[in-house]
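Colleague: Dumping the structure here so I can ask a few things about it.
The numbers here are math on the coordinates, done by the rules we state, and not lab data. The structure presented is a predicted model; accordingly, all values stated were derived computationally and were not measured. With ideal geometry, Cβ positions are generated from the backbone for all residues, glycine too; neighbour counts draw on all protein chains shown.
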Amino acid sequence: MCRPDFFTVVYRINPWMDPRLPTDTALAVRQWEVLYNTYLELGFDVELIDPIDGLPDMVYAANGGFVLDNIAYGASFTYKERQPEGPAYMDWFRANGFDVREPQNVNEGEGDFLLVGDAILAGTGFRSASNSHREIGEIYGREVVTLELVNPSFYHLDTAIAVLDPAPAPGESPNIAYLPSAFNEDGLAVLRERYPDAILVNEEDAAVLGLNSFSDGYNVVIAARAKDFERQLLERGYNPIGVDLSELLLGGGGVKCCTLELRR
Ligand code: ARG
């Protein structure tokens with residue numbers, strides 16, 4: 001995670017961002033600390049990367065790379081405003097003992113790559129280039145499932161899909177939640193076939209980035225305002241934990257965006 005000490009909105013690279021609206025950096029930090037403390041209370045080991053002045057989106061650590069099997073596939077950002085974050089995160093991975101792979105293709109890390117069971121679901125359409133899907137498949141030797149995003153408000157895959165069961169027991173199939181309207185017909189067909197029991201999240205909950213959540217398979221940290229998603233999670237036996245990241249929503253990010261998983 002990356003403390004939002006320099007968070008603000010001074011450019012617009014997604015529809016959520018409006019540089020004319022005021023932001024409150026101190027409030028962003030307080031809200032982020034609630035998320036950070038929630039993870040600590042759940043018993044997770046949370047590591048921090050130092051924020052860099054002039055990189056206001058660095059708080060969205062999920063975009064800093066994708067980490068699996070101790071290999072960190074570096075990010076190469078779409079927009080010049082975020083491009084310096086790629087090397088900054090790769091330096092951190094190297095300093096912390098990960099095997100870093102420099103990216104050859106534009107990709108925004110865990111924003112567009114979601115590990116679900118043994119497969120990597122990979123988003124494209126707004127940010128990560130489809131060539132990066134081939135690249136990540138070669139690096140990890142896993143099945144990569146390309147999904148095209150069609151709604152600019154849900155520009156990263158982690159805004160449209162929540163991974164509910166990151167590490168299912170052998171023989172059990174992992175479940176997800178998603179926003180159907182974020183995908184084209186081909187993508188929907190794939191999702192329906194692979195995840196017949198998926199939770200379908202409504203537009204209202206998606207509009208507070210409710211899907212942008214973190215799950216350990218039981219506890220699911222979600223946007224506090226995503227009430228119908230919360231109800232559906234309870235019905236399925238999960239333990240939803242709501243947090244309010246309203247300030248970071250002004251940059252177009254939520255719980256998951258602030259969280260990069262380090263799978264050593
Ligand atoms: N302002 C950032 C951007 O548009 C937000 C990134 C949100 N991160 C995410 N994993 N969805 O790039």
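Colleague: Between Ser173 and Glu138, what length in nm is gained on full extension when 0.36 nm per residue of separation is reduced by their alpha carbon distance? Before the final figure, lay out the partial values.
Modeller: Values: separation 35, 0.36 × 35 = 12.60 nm, distance 2.39 nm.
Answer, rounded to one decimal: 10.2 nm.
Colleague: Calculate the spin-label point distance for Asn37 paired with Arg236, positioning each point 7 Å from the Cα along the beta-carbon direction, and give it in nanometres.
Modeller: The two pseudo-label positions are separated by 2.9 nm.
Colleague: Same structure again: Would you mind calculating the relative contact order of the chain from Cα pairs under 8 angstrom and at least 6 residues apart, reporting the percent as a whole number? If you can, show how the numbers build up before the last one.
Modeller: Details: 564 pairs, mean separation 53.0, N = 264.
Result for the chain is 20 percent.
Colleague: Taking neighbour counts of Cβ atoms within 10 Å as a proxy for exposure, in what order, fewest first, do Asp69, Asp216 appear? Could the numbers behind the result be given before it?
Modeller: Working: Asp69 13, Asp216 17.
Taking fewest neighbouring Cβ atoms as first place, the list is Asp69, Asp216.
Colleague: Hey, another quick one. Between Glu193, Glu148, Glu203, find the one with the highest GNM mean-square fluctuation for the chain; connect C-alpha pairs within less than 10 Å.
Modeller: Comparing Glu193, Glu148, Glu203 in a Gaussian network model of the chain, the most mobile one is Glu193.
Colleague: Starting at the first residue of the stretch 185-197, write each ³J(HN,Hα) from the Karplus equation 6.51 cos²θ - 1.76 cosθ + 1.60 with θ = phi - 60°, in whole Hz, x for Gly and Pro.
Modeller: Going residue by residue, I get 4, 4, x, 4, 4, 5, 5, 5, 6, 6, 10, x, 9 Hz, with x marking Gly and Pro.
Colleague: Okay, next question. If we count other beta carbons within 10 Å of each Cβ, what is the order of His156, His133, fewest first? Present the calculation step by step, with values, prior to reporting the outcome.
Modeller: Values: His156 29, His133 23.
In order of increasing Cβ crowding within 10 Å: His133, His156.
Colleague: Return the single residue from Ala122, Ala162, Ala177 with maximal mean-square fluctuation; model: Gaussian network over the chain, springs between Cα atoms under 10 Å.
Modeller: Ala177
Colleague: What is the spin-label model distance, in nm, from Ile52 to Leu262 if the labels are put 7 Å beyond Cα along the C-beta direction?
Modeller: Placing both labels 7 Å beyond Cα along the Cβ direction yields 1.9 nm.
Colleague: As a check on your grasp of the helix formula, calculate [θ] at 222 nm for the chain: sum -39500 (n - 2.57) over DSSP H runs of n ≥ 4, divide by the residue count, round to the nearest 500.
Modeller: Numbers: 7 runs with 66 residues, N = 264.
So the calculated ellipticity at 222 nm is -7000 deg cm²/dmol.
Colleague: Moving to a separate point now. Go ahead and set up a Gaussian network model of the chain, Cα springs under 10 Å, then flag whichever of Gly74, Gly187, Gly111 fluctuates most.
Modeller: Ranking Gly74, Gly187, Gly111 by mean-square fluctuation puts Gly187 first.
Colleague: When Met1, Met90 are ordered from fewest to most other Cβ atoms inside 10 Å of their Cβ, what list results? If you can, show how the numbers build up before the last one.
Modeller: Details: Met1 18, Met90 21.
With the sparsest Cβ surroundings first, the list reads Met1, Met90.
Colleague: Sticking with this structure for a sec: Please give the Cα centre distance for the stretch 162-185 versus the stretch 201-264, rounded to the nearest Å.
Modeller: 14
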